[in-house]
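To start, the structure itself, in structure tokens.
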Amino acid sequence: MPDDVFTAPLKKPEHVGDDWLEPKQTIYDSEDDAIWDDLFKRQMEMLPGRAATAFMEGTEKLDLGRGGVPEFGKLSEELDKLTGWSVVPVPMLIPDHVFFWHLANRRFPAGNFIRTRETFDYIQEPDVFHDVFGHVPMLTDPVYADYMQEYGKAGWKAMRYNRLKALGSLYWYTVEFGLIEEKPGDVRAYGAGILSGPTEVVYSVEAESPNRIMLNVDRVMRTDYVISDLQPTYFVISSFEDLYRQTVERDFDKLYKSLGPGFTYANTAVIDVDYVVNRGSLEYTLRGGRGSGAKPV
Ligand SMILES: [Fe+2]
């Protein structure tokens, strides 16, 4: 291996096949392709003016609306030309250290399976639509692409310090649920968790309920998050350069040594040092969120 390739001590679990790191992409039938097309159409109606410009441009550069589930080989060829990334199929969730290994080598692991009509609106496990439509367009942005690689490398340090929860929070509030203020007053979504579903696209950028707070890496890594409902708080970056800088320039050794065992801040908290874009009413969360049938206002 050349020196610039990030390596990790990986051992194949006994019960899986030799292609465990890189299985073949699933063959999709016409109903799977139709589900992709319908999801694509629905999202593209919601996204203009709400999704980050880089994301919208990414969907065009990669022509994700060409019809049916994209073929990863072709997608990787195109992405490789733009930022040196590729998309590799994985069977559902993979172990943390394998996930970090992929990212550190500019490989984005994407779930193979696609949701059904029954789970069309909401699915908790990441399927191929979430992973490819939600994540891959942003990888066409050179600075964001570098951030993702750095995140993968950071994963190894977090594992050594047993601080995966803290680093996971950074992923959650940026890669999955991040917002960007492109111009003063013009806040848009770049997080895949937001952009791959219909409700949070509107809620995250327009609703009164959630807090919107400028990103501070130290603060975010001390903040709890909710995985099965709309977020009570979003963190906003001013540019992808800002996100990259804040992350690579942070001394994570020092940070991890200073952290307590759990999260310091609730996901609803607004604290003194926050630079607040929107102090939310938290109405949706206080009414009980998803389970209560509360409106995402
Ligand atoms: Fe995701």
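Checked against the criterion of being open to solvent by 30 Å² or more (accessible area, probe 1.4 Å), of a type in the set (Ser, Thr, Tyr), within 15 Å of the ligand (Cβ to nearest atom) and modelled with pLDDT under 95, segment 116-133 has at least one qualifying residue. For segment 98-205, the strands (runs of 3 or more DSSP E) that sit wholly inside it and include 3 or more residues that are free of Cβ contacts under 8 Å to residues at least 40 places away in the same chain are 107-111.
Among what's in segment 187-199 and is within 15 Å of the ligand (Cβ to nearest atom) and surrounded by fewer than 24 Cβ atoms within 10 Å (Cβ to Cβ), pick the residue that is nearest to Lys295 (Cα to Cα).
Of segment 187-199, the ones within 15 Å of the ligand (Cβ to nearest atom) are 189-197.
Applying the additional criterion that residues be surrounded by fewer than 24 Cβ atoms within 10 Å (Cβ to Cβ) yields 192-193, 196-197.
Values: Ala192: 22, Gly193: 19, Ser196: 20, Gly197: 16 Å.
Only one residue fits best here, namely Gly197.
Among all residues of segment 235-254, there is at least one that is among the aromatic types (Phe, Trp, Tyr), modelled with pLDDT under 95 and open to solvent by 10 Å² or more (accessible area, probe 1.4 Å).
The residues listed here are Ala158, Ala192; of these, the one that is in contact with a helix residue (DSSP H, G or I) (Cβ under 7 Å, 6 or more places away or on another chain) and modelled with pLDDT under 95 is Ala158. Being assigned to a helix (DSSP H, G or I) and of a type in the set (Lys, Arg) is a property that holds for Arg245.
Restricting attention to segment 165-182, the residues that are open to solvent by 10 Å² or more (accessible area, probe 1.4 Å) and either of a type in the set (S, T, N, Q) or within 16 Å of the ligand (Cβ to nearest atom) (or both) add up to 5.
The values are calculated or read from the model by the stated rules, or taken from the named source; none is laboratory data. Keep in mind the model is a prediction, meaning the values are calculated, not measured. Note that each Cβ is placed from the backbone with ideal geometry, even for glycine, and that neighbours are counted across all protein chains shown. We work out accessible area using only protein heavy atoms, side chains counted, and drop any ligands, DNA or RNA first. Shrake-Rupley method; radii C 1.70, N 1.55, O 1.52, S 1.80 Å.
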